[in-house]
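Trainee: The structure follows.
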Amino acid sequence: MSLLVVGLSHRSAPVSVLERAALNTDAQVKLLQDTVAAGPATEAAVLATCNRIELYADVDKFHAGVAELSTLLAQHSGVGLEELTPYLYVHYEDRAVHHLFSVACGLDSMVVGEGQILGQIKDSLARAQDLQSAGRLLNDLFQQALRVGKRAHSETGIDRAGQSLVTFGLEQLSRGGDVQQWARGKKALVIGAGSMSSLAAATLARAGVAEIVVANRTLDRAERLAQILSEGDDTDVAARAVPMESVPAELTRADVTVSCTGATGLVLTAESVAEAVEGRTPASAAGSGEDGPGAPGGESGSATGAGERRGGASGTSLGGEDGCPLDLSAVQGTAGFSVLGEAAVAGMAAADLEQHAAWVDNGSTGGDRRAAGGTARPGRTGTLDPAADTDAIAALAATVATVGRIPERRRPEPVEEPQRPEPVLFLLDLAMPRDIDAAVHRLAGVRLVDIESLAEASAGAPMAADVDQVRRIVSDEVAAFGAALRAAHITPTVVALRTMAADVVAGEIARLDGRLPGLDDKHRAEITQTVRRVVDKLLHAPTVRVKQLAAEPGGAGYADALRTLFDLDPETVAAVSRAEDSTTEKDRGPA
């Protein structure tokens, strides 16, 4: 059997796809059940976080396994296989082990070095164990991944390279400033009471917020979290719990809101947020957006082209600008065509161009006109050649028909944005799919940071020097795990060989008893011990060596060689393997 992982993450897929493919707890359970029920897989585990969805399985056929796991991911995520496939990645055998160990160390996280992923891996293993979809391979793999992650954090300074997603999100809300100074005295609303929301609440409490209100669909969980926050020794924060129905009212009082629920729809719409900040921002700024989607700290608004601002249908007031913004390469040598009102012509429909030319001919006097020689002569008027004018209009009409509009030659002028008010409400959305409407980015007085903007902000984050040390740890641990896995693969065969040898010894001693019935117990025991020592010495060197060879890459064939050379019964080997799995399962501690 072989380890296979198929998945997608913030590194392979846009947030919009991750959001649609997100799996709630029920979907994860069904995916695990369907995976182990499928032909190629005997074990399965799902690692689903806010920025990754990965399906691990023990498969007997690579290509069939990839096809089956990809199809199952598509079915349970609700994203079509054809659409999902370009964003999927596949890791097999040692590469799959390397990937999970890197994930456990925080090397593959959105915020490099964050330790929260260890809890998520632990939860993933616990779920697979509860459903009995994790056998020996995945149990050993995930247990070792947890140990590798803990080793990376204890032996290196990887924690200096990153922090939790919550801390990083709060830093983005404060625009990179001191989070404690920014948070001090603020009133916070935390929506959700799961692990991520609890971490957010604890982080806000330590940062010095004055009040935390916890809202959750299950009020008991919200009350427990509020009680923990209130009784914390290292914080002095007032905390209380409210039902989800109270969120709109609490939002009007909150300075900062963190949301991370398992809801499949929006928890906060743009309309509800707008109502919550109504009256808290200057009326003159209403409708302007603080940040463009996915760009925390950046100003929104793209420069609008002059043609889009000024171009239009006939009857538009035409101006006489000095420079011509139109690409008139098709009519540069055509005499008699006026380009008066050039900014208005940009984007003009082909049917309106003739009317524009007629307007120029019928009395425009201050225009920039092309004379017979094609030279621009401002301020001149004259008689136009109707035939030449027709050719020019036809050429421009052909350009419009080809490209849809007349392209501008010069860069559009930037639009002057109105002064934006300072945010009065800070929103951090850590859910996948999103809890807060992305349209909130455009609201005045509101600053929203979500998974998409966090991904962009972290893309260029510097890597700490300790990352290289963690990578070396991962490489060493992958090699050790692979060697142990290959050695374990041959162990049942070695055990079966020694069992067969013991049976041979027992048979020969029984035969000796038949031939020498008068043999006393002392001599019989001495002969038995001697024969066993001879067999053990003969088997010791080859069995030790075969374990060493099997632990090396490509050593899987040594088990088959042993079975062939000693004519071992395959069922005996399988029985030993099943017995070892049963013993290991009993001795295995909780995840």
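Trainee: Specify the residue that is most open to solvent (accessible area, probe 1.4 Å); the eligible residues are those in the range 58-87 that are touching a helix residue (DSSP H, G or I) at 6+ places or on another chain (Cβ under 6 Å) and touching a residue at least 60 places away in the same chain (Cβ under 8 Å).
Mentor: Selected residue: TYR87.
Trainee: Could you give me the residue pairs with C-beta distances under 8 Å whose first residue belongs to the range 208-227 and is within 18 Å of THR257 (Cα to Cα) and in a loop (DSSP other than H, G, I, E, B), whose second residue is of a type in the set (S, T, N, Q) and open to solvent by 20 Å² or more (accessible area, probe 1.4 Å) wherever it lies, and which are 6+ apart or on separate chains?
Mentor: GLY208/GLN180; ARG217/THR261
Trainee: Scan the range 247-259 for residues that are of a type outside the set (Val, Ile, Thr) and surrounded by 14 or more Cβ atoms within 10 Å (Cβ to Cβ) and jot them down.
Mentor: Applying the first criterion (of a type outside the set (Val, Ile, Thr)) to the range 247-259 yields 248-251, 253-255, 259.
Scanning the range 247-259 gives GLU250, LEU251, ALA254, ASP255, SER259.
Trainee: Moving on to the next point. Select, from GLU271, GLU275, the only residue that is touching a Pro at 6+ places or on another chain (Cβ under 8 Å) and either open to solvent by 10 Å² or more (accessible area, probe 1.4 Å) or charged (D, E, K, R) (or both).
Mentor: Numbers: GLU271 fails: touching a Pro at 6+ places or on another chain (Cβ under 8 Å).
From the options GLU271, GLU275, the qualifying one is GLU275.
Trainee: Take VAL29 and decide whether it is within 18 Å of the chain's Cα centre (by Cα) and more than 16 Å from VAL79 (Cα to Cα). So that I can check it myself, show each step before the final result.
Mentor: Details: within 18 Å of the chain's Cα centre (by Cα): no; more than 16 Å from VAL79 (Cα to Cα): yes.
So VAL29 fails the test.
Trainee: Is there any pair with a first residue in the range 174-195 that is open to solvent by 50 Å² or more (accessible area, probe 1.4 Å) and a second that is of a type outside the set (A, V, I, L, M) whose Cβ atoms are under 7 Å apart and which are 6 or more apart or on different chains, and what are they?
Mentor: Final answer for the pair search is ARG175/GLY297; GLN180/GLY208; ARG184/GLY208; LYS187/GLU211; LYS187/ARG253; LYS187/ASP255; SER195/GLY119.
Trainee: Within the group ALA134, ALA239, ALA205, which residue is assigned to a loop (DSSP other than H, G, I, E, B) and open to solvent by less than 40 Å² (accessible area, probe 1.4 Å)?
Mentor: From the options ALA134, ALA239, ALA205, the qualifying one is ALA134.
Trainee: Inside the range 90-130, can you point out the residues that are among the hydroxyl-bearing types (Ser, Thr, Tyr) and farther than 22 Å from LEU485 by Cβ?
Mentor: Filtering the range 90-130 for residues among the hydroxyl-bearing types (Ser, Thr, Tyr) gives 92, 102, 109, 124.
Within the range 90-130, just SER109 meets the criteria.
Trainee: While we're on this one: Restricting attention to the range 137-163, report how many residues are open to solvent by 40 Å² or more (accessible area, probe 1.4 Å) and in contact with a Lys or Arg (Cβ under 7 Å, 6 or more places away or on another chain).
Mentor: Result for the range 137-163: 0.
Trainee: Given the residues ALA201, ALA215, ALA222, which is the only one that is of a type outside the set (Phe, Trp, Tyr), touching a Pro at 6+ places or on another chain (Cβ under 9 Å) and within 22 Å of ARG447 (Cα to Cα)?
Mentor: Among ALA201, ALA215, ALA222, only ALA215 is of a type outside the set (Phe, Trp, Tyr), touching a Pro at 6+ places or on another chain (Cβ under 9 Å) and within 22 Å of ARG447 (Cα to Cα).
Trainee: Go through (1) surrounded by fewer than 21 Cβ atoms within 10 Å (Cβ to Cβ); (2) at pLDDT below 75; (3) in contact with a strand residue (DSSP E or B) (Cβ under 9 Å, 6 or more places away or on another chain) one by one and return the number of the condition ILE406 breaks.
Mentor: Checking ILE406 against (1) surrounded by fewer than 21 Cβ atoms within 10 Å (Cβ to Cβ); (2) at pLDDT below 75; (3) in contact with a strand residue (DSSP E or B) (Cβ under 9 Å, 6 or more places away or on another chain), the one that fails is (1).
Trainee: When the range 100-143 is examined, which residues are found to be of a type in the set (Val, Ile, Thr) and farther than 18 Å from LEU31 by Cα? Walk me through it before giving the result.
Mentor: First pass over the range 100-143, keeping only residues of a type in the set (Val, Ile, Thr): 103, 111-112, 117, 121.
Within the range 100-143, VAL103, VAL111, VAL112, ILE117 meet the criteria.
Trainee: When you go through (1) open to solvent by 10 Å² or more (accessible area, probe 1.4 Å); (2) more than 16 Å from ALA128 (Cα to Cα) one by one for ARG52, which number turns out not to apply?
Mentor: (1)
Trainee: Read through the list (1) surrounded by 20 or more Cβ atoms within 10 Å (Cβ to Cβ); (2) at pLDDT 90 or above; (3) in contact with a Ser or Thr (Cβ under 6 Å, 6 or more places away or on another chain), then give the number of the only condition that VAL166 fails.
Mentor: Every listed condition holds for VAL166 apart from (2).
Trainee: Identify the single condition in (1) farther than 22 Å from GLU456 by Cα; (2) buried (at least 18 other Cβ atoms within 10 Å of the Cβ) that ASP108 does not satisfy, given that it satisfies every other one.
Mentor: Checking ASP108 against (1) farther than 22 Å from GLU456 by Cα; (2) buried (at least 18 other Cβ atoms within 10 Å of the Cβ), the one that fails is (1).
The values are calculated or read from the model by the stated rules, or taken from the named source; none is laboratory data. Predicted model only: the values in this text are computed from it and were never measured. Cβ atoms come from the backbone with ideal geometry, glycine included; neighbour counts cover every protein chain shown. Please note that ligands, DNA and RNA were not included when accessible areas were found on the heavy atoms of the full protein model with its side chains. Shrake-Rupley method; radii C 1.70, N 1.55, O 1.52, S 1.80 Å.
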